[in-house]
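Chemist: Here it is, the structure in full.
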Amino acid sequence: MFEFEFSRRTLLKMFGVGAVSGAIGYSRFAKPQPSVYQQDTLDLPKYLGNQSKTVVVVGGGLAGLACAYELSQRGFAVTLLERSPQLGGKIASWPIRVGNDEFMMEHGFHGFFPQYYNLKSIVSELAIQANFVDLERYSVVFRDNAYQPEVFRPSHSAFPWNIIDLAIASPNRFRWGINLTHPAHLQVFRAISGFHQQKSFARLDHLSVTDWVADDFPRGLYDLYFLPFAKSSLNAPDLMSAGELMQFFHFYFFGNPEGLAFNGTRQDMGTSLVQPIAQSIRAKGGQIITGANVSAIACTEGKVCNLSYQTGEAETIPFWVSQNQTIPATEGKEFFGAGDRVFAVTEDKAISLTCTHQGCTVQPQENGEFHCPCHGAIFDAEGRVVKGPAQRDLPKFQVSQRDGDQVQLAAIEPSAPPSQTIQADYYVFATDVPGVQQLFTRMDGANAEVRSQISKLVVADPFAVCRFWFDRTFDWEHSNFTSLSGYKLTDSITLYHRIQDQFIEWNARTGGSVVELHAYCYKEKDFPTQQDLLATFEQELYEIVPSLKEATLLHRELVNQKNFSGYPPGSYADRPETITAIPNLLFAGDWVKMPFPSGLMERAISSGLLAANGILHQEGLQRRSLFTVNPEGLLQI
């Protein structure tokens, strides 16, 4: 590393931008504006008027909600189908009980960054800005004081000034380890500050982040920024494309003039964001159906012609399933099916292992119970609910026939109404990766190219959240949401009793605290059971906040999912886009290939609005203007 006096002039020289910083058109003091993507210049009509056009959106997460919201505002007759009982997908909320109190539980804390321009535009249109609270700063804290804590705040400057300010503010600036006279380090800096959608992916998509940083990479830069922020993308460095990380870093750092402080929600995510969007859809005549399981999709002449779905507890039509190849048989019990349709089969009976809460596959236990790895529901050996949040027992089936390694199952007490079939002008698949892959197993006559693209999608390593209730509070000098680095499992801590109203009130009444730990992308081989996760979370929490060792643990909730989109090396070229080769089918979700930088919730929202724009464009209507950070870096190779 250089030996130098660390001044603003030195920094400019170090980054090689001293001579060009004035010429690149950025003012040190004037806040840059968002870039506009896909703005129609023609004066096109905005609404359908007297026309009648129908759209079916499958998936009620942020992507599906955004798409249904935009189209319903424009006069389309929208039907939104969501398999789970709750809307929201990865930001869904559901009630739990802690002692005599009821709280809304979520999949974990989500931060709303200031460059989430498209999400913020919907929040503004719904006039729900008051549902969010400014968290003011964002810290990264390192285990065993390996580095001093990094603190990020709002910014009003674009590159290079935002990075210069970061370096000046960083207490670890002398430990970054970057030497721009070193060719390899210069290449790294140009790669992270010169993002270009096509060039960066062409150059780096074949490499994992781990492989990219293996040779002569500035160690401090990796420890301080690359590792914690790569994991916050919900993808582990060994399985994440280096090109995707460059896109992520450009959106959150180098192309972002807003800084890294962000907002949280005053109430749970469902109350603060999901419900207002859903209410707006309904107010415009949109129909929202939860608990809807798509059973068949028919295609003719290269287009989707109709879609069928069922609601209720059991399927009414007998069906065949093959023996499961991964779950070992236990005494008197075999397992059939795959994915999210697995069944535990005895001699003449079967129990569905699809959790009735949000559709996760429950896991058999040695004592005969079934535990949901996602949200903690427990069912007994007969499939009856022992512990929520599930409210319905696991569906039961009769084994009506056997044929080699296949069994035919039929509902013992069919309670589901007959399938409903919908015909629409357009269809939007806005589920997560497992969901869209399941839809294509139920699609007859799908385009082979599109089917191949969907089959290649992958999910990231699992994500876990553990929320703890204690009988006392504690001192905490860092931000109310803090990233943590260096722990075996834990990647962040959230102090809910300082953020959300329901927990602030509980704290004022009881003096207690509500703390949440996240593990963004842990390895299943290291934590094969829920008990392994719980034990490690608790152990690391007491290391992070030693004073809690003396507190009484009142309650804990574990949320564990494996449905986040994966961005592995080599996946960019085949990643499906919003517009598909099937003319009336569009995709939305954070797994689609985006034409501009975005990430996490903003990526989901933007993809939903892109899908809506695709339909608006086909109908000759004005597309919604979408926004992003400066789409390209300034120091391109």
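Chemist: If you build the convex hull over the alpha carbons only and average its shadow over all orientations, what do you get for the stretch 498-616? Give it in nm² to one decimal.
Modeler: On the way: hull surface 46.4 nm².
Over all viewing directions, the stretch 498-616 projects a mean Cα-hull area of 11.6 nm².
Chemist: Starting from the exponent 0.38 and prefactor 2.2 Å, build the expected Rg for the stretch 167-265 from its residue count and divide its actual Cα Rg by it.
Modeler: Numbers: Rg = 13.5 Å, N = 99, 2.2 N^0.38 = 12.6 Å.
In units of the 2.2 N^0.38 Å rule of thumb, it is 1.07.
Chemist: Next question. Going through the cross-link list Lys488/Lys523; Lys523/Lys549; Lys199/Lys231; Lys53/Lys303; Lys396/Lys523; Lys53/Lys284, which pairs have a Cα-Cα distance over 22 Å in this structure?
Modeler: Details: Lys488/Lys523 10 Å; Lys523/Lys549 27 Å; Lys199/Lys231 24 Å; Lys53/Lys303 16 Å; Lys396/Lys523 33 Å; Lys53/Lys284 14 Å.
Beyond 22 Å between Cα atoms: Lys523/Lys549; Lys199/Lys231; Lys396/Lys523.
Chemist: For a protection proxy built on the mean count of beta-carbon atoms within 10 angstrom, sort 376-382, 396-402, 493-499 highest first, please. Each step should come with its number before you reach the end.
Modeler: On the way: 376-382: 18.0, 396-402: 15.4, 493-499: 22.7.
Top to bottom by mean Cβ count within 10 Å: 493-499, 376-382, 396-402.
Chemist: Here's a follow-up. Top to bottom by accessible area (1.4 Å), largest first, where do Leu42, Leu394 land?
Modeler: Leu42, Leu394
Chemist: Please compute, for the alpha-carbon atoms of the stretch 92-214, the extent along each of the three principal axes and give them in descending order in Å.
Modeler: Computed over the stretch 92-214, the largest-to-smallest principal extents equal 62, 39, 32 Å.
Chemist: Determine how large the accessible area of Val151 is when every protein chain is in place; take a 1.4 Å probe and give Å² rounded to the nearest 10.
Modeler: Number for this one is 60 Å².
Chemist: Also: Based on the Kirkwood radius over alpha-carbon pairs, what value in µm²/s does the Stokes-Einstein equation return for the translational diffusion coefficient of the stretch 443-532 at 20 °C and 1.002 mPa s?
Modeler: 133 µm²/s
Chemist: While we're on this one: Just subtract the alpha-carbon distance of Asp526 and Arg442 from 0.36 nm times their residue separation and send over the number in nm, one decimal.
Modeler: Values: separation 84, 0.36 × 84 = 30.24 nm, distance 3.46 nm.
The Asp526-Arg442 span can extend by a further 26.8 nm.
Chemist: Here's another thing I want to ask about it. What does the highest-first list of 174-185, 426-437 look like by mean Cβ count within 10 Å? Each step should come with its number before you reach the end.
Modeler: Details: 174-185: 15.1, 426-437: 23.7.
So the peptides 174-185, 426-437, ranked by packing, come out 426-437, 174-185.
Chemist: If ligands, DNA and RNA are left out, what is the accessible area of Lys488 with a 1.4 Å probe, given in Å² to the nearest 10?
Modeler: Estimated to the nearest 10 Å², Lys488 gives 140 Å².
Chemist: So, taking all protein chains as they sit and a 1.4 Å probe, how much accessible area belongs to Glu577, in Å² rounded to tens?
Modeler: 100 Å²
Chemist: Further question on the same structure: Between the stretch 362-401 and the stretch 77-143, how far is it from one alpha carbon centroid to the other, in angstrom?
Modeler: 28 Å
Chemist: Over the alpha-carbon set of the stretch 561-637, work out the extent along each principal axis and list the three values in angstrom, largest first.
Modeler: Each principal axis gives a Cα extent; for the stretch 561-637 these are 38, 34, 24 Å.
Chemist: Okay, next question. I'm a student and want to see the number: the projected area of the Cα convex hull of the stretch 260-305, averaged over all directions, in nm².
Modeler: Average projection, Cα convex hull of the stretch 260-305: 6.7 nm².
Chemist: Add -39500 (n - 2.57) for each DSSP H run of 4 or more in the chain, then divide by its residues: what number comes out at 222 nm, to the nearest 500 deg cm²/dmol? Working shown, then result.
Modeler: On the way: 15 runs with 144 residues, N = 637.
Calculated from helices alone, the mean residue ellipticity at 222 nm is -6500 deg cm²/dmol.
Chemist: Another question, then. Per 10 Å bin, what is the whole-percent P(r) computed from every C-alpha pair distance within the stretch 218-281?
Modeler: Calculated P(r), rounded to whole percents: 18, 35, 27, 18, 3.
Chemist: To continue, here is another question. Net charge near Lys488: determine it from the other residues with C-beta under 12 Å of the C-beta of Lys488, scoring Lys and Arg +1 and Asp and Glu -1.
Modeler: In short, -3.
Chemist: Could you tell me which Cys residues in the chain have no other cysteine's Cβ under 4.7 Å from their own Cβ, answering none if every one has a partner?
Modeler: Cysteines lacking a close Cβ partner in the chain: Cys67, Cys299, Cys305, Cys466, Cys521.
Chemist: Scan around Thr578 for amide H atoms under 5 Å from its own, H built in the peptide plane at 1.01 Å from N, and keep only partners 5 or more places away or cross-chain.
Modeler: Lys593
Chemist: Sort the following peptides by mean Cβ neighbour count (other Cβ atoms within 10 Å, averaged over residues), highest first: 97-104, 566-573, 251-258.
Modeler: Answer by packing, highest mean first, reads 251-258, 566-573, 97-104.
Chemist: Sort Glu505, Glu449, Glu366 by accessible area with a 1.4 Å probe, largest first. Don't skip to the answer; put the middle values down first.
Modeler: Details: Glu505 90, Glu449 120, Glu366 195 Å².
From most accessible down to least: Glu366, Glu449, Glu505.
Chemist: Note the per residue figure in Å³ for the convex hull of the C-alpha positions in the chain.
Modeler: In the chain, the Cα convex hull volume per residue is 166 Å³.
Chemist: Further, regarding this structure: At 1.4 Å probe size, put Ser308, Ser452 in order of accessible surface, largest to smallest.
Modeler: Ser452, Ser308
Chemist: Karplus couplings for the stretch 125-131 from phi (6.51 cos²θ - 1.76 cosθ + 1.60, θ = phi - 60°), rounded to Hz, Gly and Pro as x?
Modeler: My calculation for the stretch 125-131 gives 5, 7, 6, 10, 4, 5, 6 Hz in order.
The values are calculated or read from the model by the stated rules, or taken from the named source; none is laboratory data. Keep in mind the model is a prediction, meaning the values are calculated, not measured. We place every Cβ from the backbone using ideal geometry, glycine too, and count neighbours over all the protein chains shown. Areas reflect the complete protein model, heavy atoms only, side chains present, ligands, DNA and RNA absent. Shrake-Rupley method; radii C 1.70, N 1.55, O 1.52, S 1.80 Å.
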